[in-house]
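The values are calculated or read from the model by the stated rules, or taken from the named source; none is laboratory data. Nothing here was measured: the structure is a model prediction, and the numbers come from that model. Don't worry about glycine lacking a Cβ; one is built from the backbone with ideal geometry, like all the others, and counts go over all protein chains shown. Ligands, DNA and RNA are stripped out before the accessible areas are found, and what is left, the full protein with its side chains, is counted by its heavy atoms. Shrake-Rupley method; radii C 1.70, N 1.55, O 1.52, S 1.80 Å.
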Amino acid sequence: DAKTTQPPSMDCAEGRAANLPCNHSTISGNEYVYWYRQIHSQGPQYIIHGLKNNETNEMASLIITEDRKSSTLILPHATLRDTAVYYCTSPNTGNQFYFGTGTSLTVIP
Amino acid sequence: DVKVTQSSRYLVKRTGEKVFLECVQDMDHENMFWYRQDPGLGLRLIYFSYDVKMKEKGDIPEGYSVSREKKERFSLILESASTNQTSMYLCASSLGQRSTDTQYFGPGTRLTVL
């Protein structure tokens, strides 16, 4: 069963920050939030994950609300190569992930 | 870096053929997974394995079987391919069963069954 919901599509201007939302109001307190992205015809690529605190790495930042009901993936300076489908997901016991249909991000020149 | 490789990027088979999709990971991961991806349906879990010679059914195992004889290799088998098995097949691996264990994906195999 889906534990996360995302908008089906978003646009972002090149060079601007892309903010991708995810609702995960039903995940439990010890379930991590993961973000992946998939560029056309390739396998999903891991971006970042977190539990309660905000996280940042070389690819993106992850902001998780204090109540953990939602999160936002931030690509600080979107490029054309960031055009992809972005998945927000959370593994259950046993490390099983559920991937929905994600958000299709289009970066516009 | 974790590397997950799949035997073919593109494969064309005929209805009724037996099809083998191979997946190899080089990071000594315990877990391996097979998904299929279809437009509008996201990724759906077919089978997974937590250890050598162990397998568990995922959400859509019908028409598929798997084999894990060695830790690094996880094979997906279509005993008698059908046209509704035309899809993108993705393999993934992860270190263990903790929720902090990231899954890493291979490049995918696009299978067409005629």
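Contact map, the range B:1-25: first residue part of a loop (DSSP other than H, G, I, E, B), second residue surrounded by 15 or more Cβ atoms within 10 Å (Cβ to Cβ) and among the charged types (D, E, K, R), Cβ cut-off under 8 Å, separation 6 or more or different chains; pairs are B:SER7/B:GLU22; B:ARG9/B:ARG110.
Listed conditions (1) open to solvent by 50 Å² or more (accessible area, probe 1.4 Å); (2) in contact (Cβ under 8 Å) with a residue 60 or more places away in the chain are all met by A:LYS52, apart from (2).
Each residue in the range A:55-106 was checked for being in contact (Cβ under 8 Å) with a residue 60 or more places away in the chain, of a type outside the set (D, E, K, R) and not in a strand (DSSP E or B), and 12 of them qualify.
What are the residues in the range B:81-114 that are in a loop (DSSP other than H, G, I, E, B) and farther than 17 Å from B:TYR47 by Cβ, if any? Selection gives B:SER82, B:THR86, B:LEU95, B:GLY96, B:ARG98, B:SER99, B:THR100, B:ASP101, B:THR102, B:PRO107, B:LEU114. The residues of the range B:41-53 that are over 27 Å from A:PRO7 (Cα atoms) and surrounded by 13 or more Cβ atoms within 10 Å (Cβ to Cβ), listed by number, are B:TYR47, B:PHE48, B:SER49, B:TYR50, B:VAL52.
Residue-wise test of (1) hydroxyl-bearing (Ser, Thr, Tyr); (2) surrounded by fewer than 16 Cβ atoms within 10 Å (Cβ to Cβ); (3) under 24 Å from B:THR112 (Cα atoms).
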| site | (1), (2), (3) |
| --- | --- |
| B:THR5 | yes, yes, yes |
| B:LEU21 | no, no, yes |
| B:ASP26 | no, yes, no |
| B:HIS29 | no, no, no |
| B:PHE33 | no, no, yes |
| B:PRO39 | no, yes, yes |
| B:ASP59 | no, yes, yes |
| B:SER67 | yes, no, yes |
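Entry remark, the range B:42-84: residues being of a type outside the set (Ser, Thr, Tyr), more than 14 Å from chain A (Cβ to nearest Cβ) and without any contact (Cβ under 8 Å) to a residue 40 or more places away in the chain number 9 in total. Applying the set (1) over 10 Å from the mean Cα position of the chain (by Cα); (2) closer than 19 Å to A:GLY94 by Cβ to B:ASP38 leaves exactly one unmet item: (2).
Candidates in the range A:5-36 are the residues that are open to solvent by less than 30 Å² (accessible area, probe 1.4 Å) and part of a strand (DSSP E or B); of these, the one that is farthest from B:TRP34 (Cα to Cα) is A:CYS12. Inside the range B:85-114, residues that are out of contact with any Ser or Thr (no Cβ under 9 Å at 6 or more places or on another chain) and among the hydrophobic types (A, V, I, L, M, F, W, C) make up a count of 1. Tallying residues that are among the charged types (D, E, K, R) and within 13 Å of the chain's Cα centre (by Cα) within the range B:91-111 yields 1. Note on the range A:49-105: residues that are at pLDDT 90 or above and within 14 Å of chain B (Cβ to nearest Cβ) total 17.
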